[in-house]
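Asks: Got a structure for you, questions after.
The values are calculated or read from the model by the stated rules, or taken from the named source; none is laboratory data. What you see is a predicted model, and the numbers here were worked out from it, not measured in a lab. No Cβ is skipped: glycine too gets one built from the backbone with ideal geometry, and neighbour counts run over all protein chains shown. Heads up: the accessible areas ignore ligands, DNA and RNA and are worked out on the full protein's heavy atoms, side chains in. Shrake-Rupley method; radii C 1.70, N 1.55, O 1.52, S 1.80 Å.
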Amino acid sequence: MTPTVVIVDDHQLFRAGVRAELDGLVEVLGDAATVEEAVRCIAQLEPDVVLLDVQMPGGGGVQVIRDVARVRPAQRFLALSVSDAAEDVIAIIRAGARGYVTKTISGPELADAVRRVADGDAVFSPRLAGFVLDAFAGTGAPAPSAVDPELDQLTAREREVLQHIARGYLYKEIGARLHISPKTVEAHVSAVLRKLQLSNRHELSRWAVERRLVD
């Protein structure tokens, strides 16, 4: 099922650009430029995920989350910002956002992040995850979920392939289960090995088991 999105950002050109990047990948229901407009739009359209700028007039993304919580407490937010400052990341996550990615992200990567947040995952650009872990460590407060910077590099499909590899399936079997070709499976495995800096499928299996990605 394609997730639905509302884009909140005070720059019209950026909102238009995000719409164009996400076209055909997720369903954009609407967009908003101010805190007040965002709250009305989200309450009316009820999107799966709100793509939320952090720094906006009138209280920014944090204020949007607080105001929406009164009318739609289960709403999921993904922060999308030019800022990678620790204080911005921590503030928006503490307010209730499920993830934080920077505006250098590609359209397909952003769509994948939206899908993961819609499914209940926490998603962070790799170098930002450490800020969140540091912020919640020792406070007694739970982090949004187990955040793993290495795992966050992988796309949803790469995770699926990794899980099947860890369960001992062959490329042909994985391809049949995921309805892709063995060559495509091999390409995904190569990408995962490169991203995780591992050498072979045995190391991949061990890596996945250590992170409890398989039953």
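Asks: Tell me which residues, restricted to segment 59-74, are without any contact (Cβ under 8 Å) to a residue 40 or more places away in the chain and of a type in the set (Val, Ile, Thr).
Replies: The answer is Val62, Ile65, Val68, Val71.
Asks: Same structure, new question: For the subset of segment 89-121 comprising residues that are open to solvent by less than 10 Å² (accessible area, probe 1.4 Å) and of a type in the set (Gly, Ala, Ser), which member is farthest from Glu160 (Cα to Cα)?
Replies: Ala97
Asks: Sticking with this structure for a sec: Which members of segment 5-20 meet the condition of being open to solvent by 10 Å² or more (accessible area, probe 1.4 Å) and part of a loop (DSSP other than H, G, I, E, B)?
Replies: Of everything in segment 5-20, those that are open to solvent by 10 Å² or more (accessible area, probe 1.4 Å) and part of a loop (DSSP other than H, G, I, E, B) turn out to be Asp10, His11.
Asks: Something else about it: Report yes if some residue within segment 55-74 is surrounded by fewer than 22 Cβ atoms within 10 Å (Cβ to Cβ) and closer than 18 Å to Pro3 by Cβ; otherwise report no.
Replies: Within segment 55-74 (the criterion being surrounded by fewer than 22 Cβ atoms within 10 Å (Cβ to Cβ) and closer than 18 Å to Pro3 by Cβ), the answer is yes, since at least one residue qualifies.
Asks: Checking Phe77 against (1) touching a helix residue (DSSP H, G or I) at 6+ places or on another chain (Cβ under 9 Å); (2) surrounded by fewer than 20 Cβ atoms within 10 Å (Cβ to Cβ), which test does it fail?
Replies: (2)
Asks: Something else about it: For segment 21-36, how many residues meet the condition of being open to solvent by 50 Å² or more (accessible area, probe 1.4 Å) and either in contact (Cβ under 8 Å) with a residue 12 or more places away in the chain or within 22 Å of Ser83 (Cα to Cα) (or both)?
Replies: The total comes to 6.
Asks: What single numbered condition from (1) at pLDDT below 95; (2) in a helix (DSSP H, G or I) fails to hold for Gly24?
Replies: (2)
Asks: Which of the residues spanning segment 167-209 are outside any helix (DSSP H, G or I), of a type in the set (A, V, I, L, M) and open to solvent by 60 Å² or more (accessible area, probe 1.4 Å)?
Replies: Across segment 167-209, the qualifying residue is only Leu170.
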